[in-house]
1. On the given criteria, is residue 137 outside any helix (DSSP H, G or I) and closer than 25 Å to residue 68 by Cβ?
2. Any residue in the stretch 433-442 that is touching a residue at least 60 places away in the same chain (Cβ under 8 Å), touching a helix residue (DSSP H, G or I) at 6+ places or on another chain (Cβ under 8 Å) and not in a strand (DSSP E or B)?
3. Does residue 360 satisfy the criteria of being out of contact with any helix residue (DSSP H, G or I) (no Cβ under 8 Å at 6 or more places or on another chain) and modelled with pLDDT of 75 or more?
4. Is the stretch 454-461 home to any residue that is without any contact (Cβ under 8 Å) to a residue 12 or more places away in the chain, under 17 Å from residue 523 (Cβ atoms) and over 43 Å from the mean Cα position of the chain (by Cα)?
5. Are there any pairs, at least 6 apart or on different chains, whose C-beta atoms fall under 7 Å, with the first in the stretch 64-82 and within 11 Å of residue 150 (Cα to Cα) and the second surrounded by fewer than 13 Cβ atoms within 10 Å (Cβ to Cβ), and if so, which?
6. Residue by residue through the stretch 112-130, note down the ones that are within 48 Å of the chain's Cα centre (by Cα) and either modelled with pLDDT of 90 or more or under 17 Å from residue 279 (Cβ atoms) (or both).
7. Can you tell me which of (1) part of a strand (DSSP E or B); (2) farther than 30 Å from residue 401 by Cα is the one residue 489 doesn't meet?
8. Can you tell me which of (1) within 19 Å of residue 349 (Cα to Cα); (2) modelled with pLDDT of 80 or more; (3) not in a loop (DSSP other than H, G, I, E, B) is the one residue 403 doesn't meet?
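The values are calculated or read from the model by the stated rules, or taken from the named source; none is laboratory data. A quick note: this is a predicted structure, and the numbers were derived from the prediction, not measured. All Cβ positions, even for glycine, are placed from backbone atoms using ideal geometry, and neighbour counts span all protein chains on display.
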């Protein structure tokens, strides 16, 4: 054992003093012996408490070559923009950020991982220790150095400290080494596999039980709701007829949510049983707990705002139901409101309801959780951009539809002519109008087109009588009074033509070769206008042929050698056959009589 320097110098002094005393007078030998024993005891104590390689010890370059190496590495280390994580046993140990001479962070991480693999395979003791030196800390496993954490590896922007980072690194490395040993133990792996199989069986049983319970609960709830609905009056049944389906869907959604929670928990448990997948299982568990905790905190924090939004929605819903009831009574003709007509009650109701909900959204926007976040604002800007880009044509159609509706030009069920389209209006929409023609065709007309063209409504004054014209041209050699009488006779023979007002015959033009006559008849049913005119034209031909009057349509330039008339004996020449009745209304012509609807 080496004595301390202080004790050795004192011993030399004692020897010198002893020599001096030998030359002169000698001191008592008992005093020198006692002093030497005391110094020896102090030296032994100082040697016993001399610091050794502890996790928090500090070394100097003069006493430890590792200290000199780490100090040199710390001086030459440079922080880079390409950090590399050290991952061992599927666990992230730390992130290297410094390049030492030519060793990049990735090279340092690869070298450390290789050294750890060798140490775990060779050493029985894989205790992690740290040794602090000037400029960094050395991390050792089983007394063998593995890697150094330098000050350049610390990210000060993220708030990292060298001592904190070293402690976290040692803790993570200890867990990773323990799991690496567990991976080399077949007994522990078999035990984990047995537990995983048991957990899977329990998960399957719970999932099967959940499906059975959810199915029976949905069926039972549907039956209960149906029994209660049978006790309600007819009107209320129509209002809540979809309640059983809604309850069943709610129970199904609840069952799916519980099944997903069971699956999530089973997956987290199974992953945590095996060393390599344990980090993933811990991540799932912590994510679930953090999500539930943060969701609960957020719900409690935003509970007053949510209650405010709920109150706004309830008040708005009450106002919407009140407005809907008022306009429905006007639409059905039970109540009259100034400026609101039955045909405009439905679009007015929709506009009023839309404005109420928009007003409610504006009021509740401030209280919606996350309304002030950048994501919410970005979505709002995106929606506004989409609406602004696509609203040019849409708004044109909407405003045209409002003009058509509030001008009361056409209504659902009216027989109209818009441009070249003639038929019954079946739908007045926000963007277009649908018309069903007598050929049973549905024609969709954009509202802007309806506004731009003239719309003729044959049903508006059908009660007073709407006149339909039929024109013929007759030569000047035929008395006009005879032509008038023949046209009136043909009109009176035609079914679907009213007797009052009486048919009216007009001479509309005196042409170069013939006179143009027009007979105006009042059609009984406007939607059968084409059928009635078809019968009228047939009766005109028969009447003129009966009395030998030649119809000069189209016009001619010279009188023929004989009159162009058809005698009654030839009216049913082959292959025509004499009908059972002479009623012109028996002519087959498809006329739509189905129900109409309003948008």
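1. Considered against the rule, which asks whether it is outside any helix (DSSP H, G or I) and closer than 25 Å to residue 68 by Cβ, residue 137 comes out as yes.
2. Checked the stretch 433-442: at least one residue is touching a residue at least 60 places away in the same chain (Cβ under 8 Å), touching a helix residue (DSSP H, G or I) at 6+ places or on another chain (Cβ under 8 Å) and not in a strand (DSSP E or B).
3. Numbers: out of contact with any helix residue (DSSP H, G or I) (no Cβ under 8 Å at 6 or more places or on another chain): no; modelled with pLDDT of 75 or more: yes.
Considered against the rule, which asks whether it is out of contact with any helix residue (DSSP H, G or I) (no Cβ under 8 Å at 6 or more places or on another chain) and modelled with pLDDT of 75 or more, residue 360 comes out as no.
4. yes
5. Final answer for the pair search is 76/101.
6. Residue satisfying the conditions is 113 alone.
7. (1)
8. Residue 403 satisfies all of (1) within 19 Å of residue 349 (Cα to Cα); (2) modelled with pLDDT of 80 or more; (3) not in a loop (DSSP other than H, G, I, E, B) except (2).
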